[in-house]
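Taking it in order: structure first as structure tokens, then the write-up.
Readers should treat all values here as calculations from the given coordinates under stated rules, not as data from a laboratory. Just so you know, these numbers come straight off a predicted model, no measurement behind them. Note that we place each Cβ from the backbone using ideal geometry, even for glycine, and neighbour counts take in every protein chain shown.
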Amino acid sequence: MRLKDKKIIVTAAAQGIGRATAMMFSKEGASVIATDINEEKLTELNKENNSIKTQKLDATNKNAVEDFCASIETVDVLFHAVGFVHHGTLLECDDTEFQRSVNVNVYSAYLMSYNLLPKMLDKGKGNIIIVSSAASNVKGAPNRFIYSTTKAALNGFVKALAADYVRNGIRCNAILPGTVETPSWEGRVNMADDPKQARKDFIARQAMGRLAQPKEIASLATYLASDESDFVTGTLNLIDGGWTL
Ligand SMILES: NC(=O)c1ccc[n+]([C@@H]2O[C@H](COP(=O)([O-])OP(=O)(O)OC[C@H]3O[C@@H](n4cnc5c(N)ncnc54)[C@H](O)[C@@H]3O)[C@@H](O)[C@H]2O)c1
């Protein structure tokens, strides 16, 4: 019960890292509100663990985020996992794709934090965890132009927020995964001409010869969400199986 009595909001909780983290947070005693745009999968999550409350929420929709946050009385932790992977180089990223990635990856983090931080400041304690990526300012990865650009922005976001509110009891940290076996990763592999071979090649390229499991990211998130990490703020936590070594 490492998160006993903590009220935690999780975004992108319907699948992948967000879902595994919502489940682990709940198992560790937190009271979790799981949000996502995918209502069907949220319902499945609630069926698997009915102590997790679910709420459909598009984290890029200003009015929806404002309404949702206004309905929350108190919050201890925001775990923000919303993100979209655009595959391509700079020349393959047109205006629409550029704006889309900035909106989903960066604006959503701003909107959620902007609306929840005042509640944390009122309490004199709060904790924001942002899921960024090793593919950012940390590692140049091919065909991840706008993805890495937005994740680098999130790394700056975390440092700046942590610096501004360190004296107000607020912590803010980032998690920078390498490649994690999630439905969106499966989707990207299945788009290849030979998905079976693509999967094999992808795994062979990993420094540890395997991908991360969402639960492994959830374990790091649990530490960052708990009071065990009370002295930790402004950190970029790589969890990449040695990809950036
Ligand atoms: N999977 C990886 O290999 C990997 C690696 C590094 C970082 N990440 C990051 O981890 C986070 C989660 O990735 P994943 O692969 O676990 O997730 P995923 O792509 O499998 O699932 C993403 C979830 O986000 C939801 N979502 C999308 N847009 C949303 C919006 N506007 N508002 C609310 N919910 C929205 C989707 O419905 C979906 O349930 C992302 O930020 C991603 O960039 C993932």
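Report the charge-dipole magnitude of the range 44-164 in Debye, nearest 20, computed about the Cα centre from +1 at each Lys and Arg Cβ and -1 at each Asp and Glu Cβ.
340 debye
Can you order the peptides 76-87, 6-17, 210-221, 41-52 by their average number of other Cβ atoms within 10 Å per residue, highest first?
Those peptides, ordered most packed to least, come out 6-17, 76-87, 210-221, 41-52.
Which lysines does K56 reach when only Cα atoms under 16 Å apart count, and residues fewer than 8 places away in its own chain are ignored?
Within the straight-line limit of under 16 Å, K56 reaches these lysines: K41, K47.
Which whole-Hz ³J(HN,Hα) couplings does the range 212-221 yield from phi under the Karplus relation 6.51 cos²θ - 1.76 cosθ + 1.60, θ = phi - 60°, glycine and proline marked x?
7, 9, x, 4, 5, 6, 4, 5, 5, 4
Cα to Cα, under 14 Å, and not fewer than 8 places away if on the same chain: which aspartates and glutamates meet these conditions relative to K4?
Partners within reach: E28, D76, D227, E228.
Bin width 5 Å, origin at 0, all Cα-Cα pairs of the chain: what percent of pairs per bin?
Per 5 Å bin, starting at 0, the Cα pair percentages come out as 1, 7, 14, 18, 21, 17, 12, 6, 3, 1, 0.
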